[in-house]
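Data first, discussion second: the structure below is written as C-alpha cells.
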Amino acid sequence: MSTSMTPFEDALRAKITQELKPTSLEVFNDSHKHAHHKAMAGVTSKETHFRVNIVSDAFKSKMQPARHRMVYALLKDEMAAEGGIHALQLRTRTVEEDAKANA
C-alpha cells in the first residue's frame, strides 16, 4: 500500500470535485515560495500554501465571500490539521464568468 506524497492536495482536489463539480479546477502548490516566512519556522510540511482556480456553476448567484466560505467549509479539516493548509488563495467563477473573462 502506497501513501500519497501530497495528502492535503489530494483531499483538496477530491472534496472540491465531489461537492462543487467544477468544469475547471487548477491547483498550484506554492508552499516552496513561503518556506522562509517566520510563521513557517519549524514546519516540515510541503503542503501549506495553495492557489486554487475553480470554475463551477455551484457559485451561481453567490457573491465572492460566500463562494470562498463554501470552499473553506469543505477544507476545514485540512486547514485545522497540524502541518496542514496555512494559506489558500482562491479564484472562484461560474462557467459564464469564466467564458467572459477568457473572451
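The values are calculated or read from the model by the stated rules, or taken from the named source; none is laboratory data. For clarity, every value in this text was computed on a predicted model and none was experimentally measured. Cβ placement follows ideal geometry from the backbone for every residue including glycine, while neighbour counts extend to all protein chains displayed. For accessibility, only protein heavy atoms count, side chains too; no ligands or nucleic acids. Shrake-Rupley method; radii C 1.70, N 1.55, O 1.52, S 1.80 Å.
For region 6-40, a residue qualifies if it is modelled with pLDDT under 80 and surrounded by fewer than 13 Cβ atoms within 10 Å (Cβ to Cβ), and the qualifying residues are His32, Lys33, His36, Lys38, Ala39.
Ala66 falls short of the stated requirement of being at pLDDT 95 or above, among the small types (Gly, Ala, Ser) and open to solvent by 50 Å² or more (accessible area, probe 1.4 Å). Scanning region 78-103 for residues that are modelled with pLDDT under 95 and charged (D, E, K, R) yields Glu78, Glu82.
Residues in region 69-103 that are in a loop (DSSP other than H, G, I, E, B) and either open to solvent by 30 Å² or more (accessible area, probe 1.4 Å) or farther than 24 Å from Ser31 by Cα (or both): 6 in all.
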